[in-house]
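Okay, structure first, notes after.
The values are calculated or read from the model by the stated rules, or taken from the named source; none is laboratory data. Please read these numbers as outputs of a predicted model, since none were measured by experiment. Note that we place each Cβ from the backbone using ideal geometry, even for glycine, and neighbour counts take in every protein chain shown.
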């Protein structure tokens, strides 16, 4: 039997999925919802770390852009995304597998953002293993 995702707090359930494209090894990240997939907006309007695209699995400009984009999308707050994205990059995005597909639920992103605000980066980093599937 297939489990059905539910809407929590009026927000549709979302997961972020990343993988390297075979043709050029570039990072491709989509937001997956109950109604399908959409390419994640890099939110260059908020901060232009990497106009060339996303990265993950290391600490750099591509991962900073991905952290900003995921936080803005998951939290719905541009201000919160700008404030937390560097810490989120270090605690989460830099720890994603660089050459393997990954998935991160929006609920986990929001939980990690709250953890960063309340407890700091190390607590969030320690929780990453449990929250990335």
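A few points about this structure:
- Residues within the range 1-52 that are in a loop (DSSP other than H, G, I, E, B) and either out of contact with any strand residue (DSSP E or B) (no Cβ under 9 Å at 6 or more places or on another chain) or modelled with pLDDT of 90 or more (or both), tallied: 28
- Criterion (farther than 14 Å from residue 112 by Cβ and in contact with a helix residue (DSSP H, G or I) (Cβ under 8 Å, 6 or more places away or on another chain)) met by exactly one of 71, 40, 84: 40
- Verdict on residue 87 being surrounded by 22 or more Cβ atoms within 10 Å (Cβ to Cβ) and out of contact with any strand residue (DSSP E or B) (no Cβ under 7 Å at 6 or more places or on another chain): no
- Pair list, Cβ < 7 Å and 6+ apart or interchain, from the range 80-103 residues that are farther than 9 Å from residue 57 by Cα to residues that are modelled with pLDDT of 90 or more and in a loop (DSSP other than H, G, I, E, B): 81/46; 82/46; 82/47; 89/59; 90/59; 102/96
- The single residue among 71, 116, 96 that is within 17 Å of residue 40 (Cβ to Cβ) and modelled with pLDDT under 95 turns out to be 96.
- Checked against the criterion of being under 14 Å from the mean Cα position of the chain (by Cα), under 14 Å from residue 15 (Cα atoms) and assigned to a helix (DSSP H, G or I), the range 83-95 has no qualifying residue.
- Test: residue 27 is under 18 Å from residue 92 (Cβ atoms), in contact (Cβ under 8 Å) with a residue 60 or more places away in the chain and surrounded by 15 or more Cβ atoms within 10 Å (Cβ to Cβ): no
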